[in-house]
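Comments concern the structure below.
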Amino acid sequence: MSERLTLAGLSVPMRALRTLAAEYGDLPAPAVGVSTIYPERLELSLHKGLGAFEAWRAALGIGPDEVEFGEQASDVWTLQASALYAGADVRLIAYGPALDSMRASVGDGGGDA
């Protein structure tokens, strides 16, 4: 039988979030995730482009070579990286439209001319 996790069991990522808010309150606001599945993890998700991700990456001291690129459903790119901060495993994730999706939204369709 497994132990029941209490709110106090999530204190590590919540403390990291408090510290980040105090230190970097001027950075773009991410979607924040804390989960009982990974009670030591704080997830920061950014959906407004590369600039916000880069600001957070620099603040967390994550090197460019530590960032992983991926794609979802062929029309969304993702960037992911992680760092240990205030005792928490902070996962930084950014999402953005793939180049072809951006071209289609401005009218050239992203296809062959």
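The values are calculated or read from the model by the stated rules, or taken from the named source; none is laboratory data. All values reported here derive from a predicted model rather than from experimental measurement. Backbone-built Cβ (ideal geometry, glycine too); neighbour counts: all protein chains shown. Note: areas computed on protein heavy atoms with side chains; ligands, DNA, RNA excluded. Shrake-Rupley method; radii C 1.70, N 1.55, O 1.52, S 1.80 Å.
Assuming R0 = 35 Å, what is the FRET efficiency of residue 7 and residue 98, from their Cβ-Cβ distance, to the nearest 0.05? Let's see the in-between values first.
On the way: r = 39 Å, r/R0 = 1.11.
For residue 7 and residue 98, the calculated efficiency is 0.35.
Mind running the shape call on segment 21-79? Use the C-alpha gyration tensor, a ≥ b ≥ c as the square roots of the eigenvalues: rounded below 1.5 for a/c, prolate if a/b tops b/c, oblate otherwise.
Oblate, because a/c is 1.5 or more while a/b does not exceed b/c.
For the pair residue 45/residue 76, report the inter-label distance in nm, with labels modelled 7 Å from Cα in the Cβ direction.
It works out to 0.7 nm between the two label points.
Could you give me the ³J(HN,Hα) list for segment 80-88, computed from phi with Karplus coefficients 6.51, -1.76, 1.60 and θ = phi - 60°, whole Hz, x at Gly and Pro?
9, 7, 9, 8, 8, 9, 6, x, 9
Give me the extension gain from residue 67 to residue 19: residue separation times 0.36 nm, minus the current Cα-Cα distance, reported in nm with one decimal.
15.0 nm
Keeping every protein chain in place, order 79, 92, 5 by accessible area at 1.4 Å, biggest value first, i.e. largest first.
From most accessible down to least: 5, 79, 92.
Between residue 84 and residue 27, what FRET efficiency follows from the Cβ-Cβ distance if R0 is 25 Å, with the result rounded to 0.05? The partial results should precede the final answer.
Working: r = 18 Å, r/R0 = 0.73.
With R0 = 25 Å, the Cβ-Cβ based efficiency is 0.85.
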